[in-house]
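Report on one structure; see the data block that follows.
Values quoted throughout were computed directly from the atomic coordinates according to the rules given, and no laboratory measurement underlies them. Just so it is clear, the model here is predicted, and its values are computed rather than measured. Glycine also receives a Cβ, built like all others from the backbone with ideal geometry; neighbour counts cover every protein chain displayed.
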Amino acid sequence: MDSTEVEIRRLGSARWRLAMALLAVMTAAYFLFMVMVAEAREWMGTLVVDGLSRGILFGMGLIFLAWILIFIYVVWANRVYDPAMKRLREERR
């Protein structure tokens with residue numbers, strides 16, 4: 001295996017680790033939400049303002065968290081992964 005292949009594998013591993021870390025964060029947040037809905041109904045149902053409960057805010061927070069995690073991945077891919085892959089493709093030619 002030449003150095004280019006080693007670098008491609010390293011980049012692939014880094015991408016996989018980042019994706020799994022982001023997935024773990026989202027999964028943990030989602031399961032926390034499910035536990036809160038099941039076990040803390042009164043607290044989640046408490047109105048913050050008329051027509052808006054803590055549960056709705058928590059759910060909106062999950063959607064916002066998903067966008068943040070996507071943003072983190074895209075920034076990383078644009079700054080690290082894509083330039084490195086482009087450089088490696090050019091080296092192989």
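Tabulated data
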| item | result |
| --- | --- |
| Calculated Kirkwood radius over Cα pairs in Å (choose from [x] 13.1; [y] 16.0; [z] 12.7), label | [y] |
| Environment charge at M1 (Cβ cut-off 11 Å; Lys +1, Arg +1, Asp -1, Glu -1) | -2 |
| Using a Förster distance of 41 Å, the FRET efficiency for V75-D50 (Cβ separation, nearest 0.05) | 0.60 |
| Selection from I56, N78, V6 lying farthest towards where the dipole of the stretch 3-92 points positive, charges on Cβ | V6 |
| Förster-model FRET efficiency, 25 Å R0, E42 and L62, C-beta, rounded to 0.05 | 0.80 |
